[in-house]
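**Student:** The structure's right below; bear with me while I get my questions together.
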Amino acid sequence: MENLENQTPPSKQDQYNQDLFTFIQNSPTPFHAAANMAERLEQNGFQRLREQDVWNLAVNHRYYVMRNNSSIIAFAIGGRMPWETGINLAGAHTDSPCLKVKPLPEKNFNSTIRLAVEVYGGALLNTWFDRRLNLAGRVTCFVENHGEPGSDRLASFLINFNRPVGIIPSLAIHLDREANTRRSVNPQVDMAPLFYLDGASNKASFKQILFDQAVKEHPEAGIRKIVDFDMGFSSISPPCYTGLNRDFITGPALDNLLSCHAGMRSLMAADTRKTAMLVCTDHEEIGSDSSAGARGSFL
């Protein structure tokens, strides 16, 4: 049995890295990344601002604002004027390559149900085969309006299956003799993850599956119906140390959640005399105004 008394306490670097690993593992989508950052910022004295309100900012105070619940800007107003000290500014993005689920995704293929997806971001497609894939994202629902019995209101919720629910299997080599030499990937044909076996006892629609998961994660919300969803598959494998002497950090979504985490930790520890700002954007949302204020550029 291992002697716990002789264990070396984790170094500050190990503690920092473990915090990074936890942040990445808990941020499978831009929505989850922004929510996790907002929670950490509030725990460290940052106050949320909303774009529809009048802002009354004060020196030596900390604030953040969100757009589409997937982008976040946080800033700390220093005790000295910015034209005297300048501004410390860092930028990153909350999104990473993934497989976005299409609006009508179910595809029956040889007694299996696969989900049609759109490749999002600069993905290396060959590396997605044989990965254990998690499914996470945001659902928009009708929920009970407790203030007006008999009527519903719209609300959005984050859901995260947080387990392997999909896989894109490779063909055996005797069925694909040129896999190691001339393999090409058609993203519209080859990248649909296997989701479940099609059987008489398992006929739930994709929206029903999302509904069940949303009710499971938010039992007190009074969710009545899924109206829309923004869901994506990503690797469930956790980030970790790799190498004989733990020389490297490997894992999914290091681009660019590592920078989001570093910027957040730096901002929380910033010198209070100087104004500092962190901008973490959901890349695909910037410049889009299709939701009348729910999306678009901050600047």
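The values are calculated or read from the model by the stated rules, or taken from the named source; none is laboratory data. From a predicted model like this one, the values you see are computed outputs, not experimental measurements. In this analysis, Cβ positions are derived from the backbone assuming ideal geometry, glycine residues included, and neighbour counts consider all displayed protein chains. The protein model used for the area step is the full one, side chains on, heavy atoms only, and it has no ligands, DNA or RNA in it. Shrake-Rupley method; radii C 1.70, N 1.55, O 1.52, S 1.80 Å.
**Student:** Quick check on LYS216: is it among the basic types (Lys, Arg), out of contact with any Pro (no Cβ under 9 Å at 6 or more places or on another chain), surrounded by fewer than 12 Cβ atoms within 10 Å (Cβ to Cβ) and farther than 17 Å from LEU158 by Cβ?
**Tutor:** Here the answer is no, as LYS216 does not meet what is asked.
**Student:** Hey, any hits in the range 164-174 for a residue that's surrounded by 10 or more Cβ atoms within 10 Å (Cβ to Cβ) and hydroxyl-bearing (Ser, Thr, Tyr)?
**Tutor:** Checking the range 164-174: at least one residue is surrounded by 10 or more Cβ atoms within 10 Å (Cβ to Cβ) and hydroxyl-bearing (Ser, Thr, Tyr).
**Student:** Do we find that ARG132 is surrounded by fewer than 14 Cβ atoms within 10 Å (Cβ to Cβ) and at pLDDT 95 or above in this structure?
**Tutor:** yes
**Student:** Sticking with this structure for a sec: Looking at the range 238-246, is at least one residue in contact with a strand residue (DSSP E or B) (Cβ under 7 Å, 6 or more places away or on another chain), in a strand (DSSP E or B), under 25 Å from ALA38 (Cβ atoms) and aromatic (Phe, Trp, Tyr)?
**Tutor:** Of the range 238-246, the ones in contact with a strand residue (DSSP E or B) (Cβ under 7 Å, 6 or more places away or on another chain) are 239-242.
Still in the running and in a strand (DSSP E or B): 240-242.
Still in the running and under 25 Å from ALA38 (Cβ atoms): none.
The answer is no, given that none of the residues of the range 238-246 is in contact with a strand residue (DSSP E or B) (Cβ under 7 Å, 6 or more places away or on another chain), in a strand (DSSP E or B), under 25 Å from ALA38 (Cβ atoms) and aromatic (Phe, Trp, Tyr).
For every residue, the table says whether it meets (1) surrounded by fewer than 18 Cβ atoms within 10 Å (Cβ to Cβ); (2) aromatic (Phe, Trp, Tyr); (3) out of contact with any His (no Cβ under 6 Å at 6 or more places or on another chain).
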{"position": "LYS203", "(1), (2), (3)": "yes, no, yes"}
{"position": "PHE211", "(1), (2), (3)": "no, yes, yes"}
{"position": "GLY222", "(1), (2), (3)": "yes, no, yes"}
{"position": "LYS225", "(1), (2), (3)": "yes, no, yes"}
{"position": "SER234", "(1), (2), (3)": "no, no, yes"}
{"position": "ARG246", "(1), (2), (3)": "yes, no, yes"}
{"position": "GLY263", "(1), (2), (3)": "no, no, yes"}
{"position": "MET268", "(1), (2), (3)": "no, no, yes"}
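**Student:** Only one of ALA123, ALA92, ALA76, ALA33 is free of Cβ contacts under 8 Å to residues at least 40 places away in the same chain, touching a Leu at 6+ places or on another chain (Cβ under 9 Å) and hydrophobic (A, V, I, L, M, F, W, C); which?
**Tutor:** ALA123 is the lone residue from the list that is free of Cβ contacts under 8 Å to residues at least 40 places away in the same chain, touching a Leu at 6+ places or on another chain (Cβ under 9 Å) and hydrophobic (A, V, I, L, M, F, W, C).
**Student:** Report, by residue number, each residue of the range 186-237 that is part of a loop (DSSP other than H, G, I, E, B), closer than 30 Å to ILE24 by Cβ and in contact (Cβ under 8 Å) with a residue 24 or more places away in the chain.
**Tutor:** MET191, ALA192, PRO193, HIS218, ALA221, ILE236, SER237
**Student:** I need the full set of residues from the range 106-129 which are in a strand (DSSP E or B) and open to solvent by less than 70 Å² (accessible area, probe 1.4 Å), in order please.
**Tutor:** Within the range 106-129, THR112, ILE113, ARG114, LEU115, ALA116, VAL117, VAL119, TYR120 qualify.
Here's the yes/no breakdown for (1) over 19 Å from the mean Cα position of the chain (by Cα); (2) open to solvent by less than 80 Å² (accessible area, probe 1.4 Å); (3) more than 27 Å from VAL165 (Cα to Cα):
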site	(1), (2), (3)
THR8	yes, no, yes
LYS12	yes, no, yes
THR22	no, yes, no
LEU41	no, yes, yes
PHE46	yes, yes, yes
ARG62	yes, yes, yes
ALA76	yes, yes, yes
MET81	yes, yes, yes
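**Student:** Still on this structure, I have one more. Identify the residue in the range 258-280 that is aliphatic (A, V, I, L, M) and under 20 Å from LYS12 (Cα atoms) and, among all such residues, is modelled with the lowest pLDDT.
**Tutor:** So the residue we want is ALA270.
**Student:** Counting just the residues of the range 135-161 that are modelled with pLDDT of 90 or more and either open to solvent by 90 Å² or more (accessible area, probe 1.4 Å) or over 20 Å from the mean Cα position of the chain (by Cα) (or both), which one comes out nearest to PRO105 (Cα to Cα)?
**Tutor:** PHE142
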